[in-house]
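Data first, discussion second: the structure below is written as structure tokens.
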Amino acid sequence: MVVWERPEPPSRPALAPLSREAIVRAAIALADADGLDAVSLRKVAGVLDAGPMRLYGYIATKEELLDLMVDAIYAEIRPSGTGWREVLRSLAESTRQAVHRHEWFADLIGGRPQLGPNALARGEAVAAGLGAVQVDDVMPVVGAVDSYVIGAVRREIGERRAERASGMDQRAWQRAFGPYLTRTFATGRFPALATVVHDAAHLDADETFRIGLDFLLDGIGVHLSR
């Protein structure tokens, strides 16, 4: 059949454009919806309507993808303020807010320092904001705040996950276990704990975080004033 008579082959769709930024955005969307277990290069490729092998031209391993995801979230953490206390409070609160937007982030912060461009920009903003603090105190002070925040948000996220797994919110959990605590405290074996549970103010997560952070910042202030 001559060329003029030969039918043209079916048209093939153009390959979807790719970039590391697009890959990371898709991975974050998967993690936000269904947790880190939902993230794989194959699933990300499916979201982007691309073959998995195409992604390897941009990202070599899942570990690299997780590093890029973490660094993308660091772009949301931009401490600000005047003076060391405002900067550290802003650091703590903005980190907590980022974790509550991206629950999976609580599983990946901590450990070795993050060296991506957004993490370094966050570190630069904090170090610059602590300009009056002695250089030898900068890393210990920031480390103390980071440790407090990481511990606090992991507890909060753990409670949120437990609620989802059990189907009981905090009030339902208290109703379920309240009678047990009443019987246990009635034995007189835990008088100090019973007093705290019965008489102390019951704070919500926001208040607990703020007061704990105030305790830490007050201690840092004492150290810096020496």
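A compact table of results
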{"item": "Three-way shape label, the stretch 170-210, alpha-carbon gyration tensor, a/c 1.5", "result": "oblate"}
{"item": "Cα gyration tensor shape for the stretch 142-187, rounded if a/c is under 1.5, else prolate or oblate", "result": "oblate"}
{"item": "Cut-off 12 Å between beta-carbons: net charge of the residues surrounding Gln114, Lys and Arg +1, Asp and Glu -1", "result": "-1"}
{"item": "Environment charge at Ala201 (Cβ cut-off 15 Å; Lys +1, Arg +1, Asp -1, Glu -1)", "result": "-4"}
{"item": "Net charge contributed by nearby residues that have their C-beta within less than 12 Å of Phe177 (K/R +1, D/E -1)", "result": "+3"}
{"item": "Cα shape, the stretch 111-184, gyration tensor, a/c 1.5 rule", "result": "prolate"}
{"item": "Value of relative contact order over the stretch 66-122, rounded to a whole percent, pairs C-alpha under 8 Å and six or more apart", "result": "47"}
{"item": "Relative contact order for the stretch 1-152, counting Cα pairs under 8 Å that sit 6 or more residues apart, in percent", "result": "21"}
{"item": "Largest to smallest principal axis extent of the C-alpha atoms in the chain, angstrom", "result": "98, 52, 24"}
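Every number in this text was worked out from the coordinates using simple rules, so none of it is lab data. If you're wondering where the values come from, they're calculated on a predicted model, not measured in any experiment. Here the Cβ is made from the backbone with ideal geometry for all residues, glycine too, and neighbour counts use every protein chain on show.
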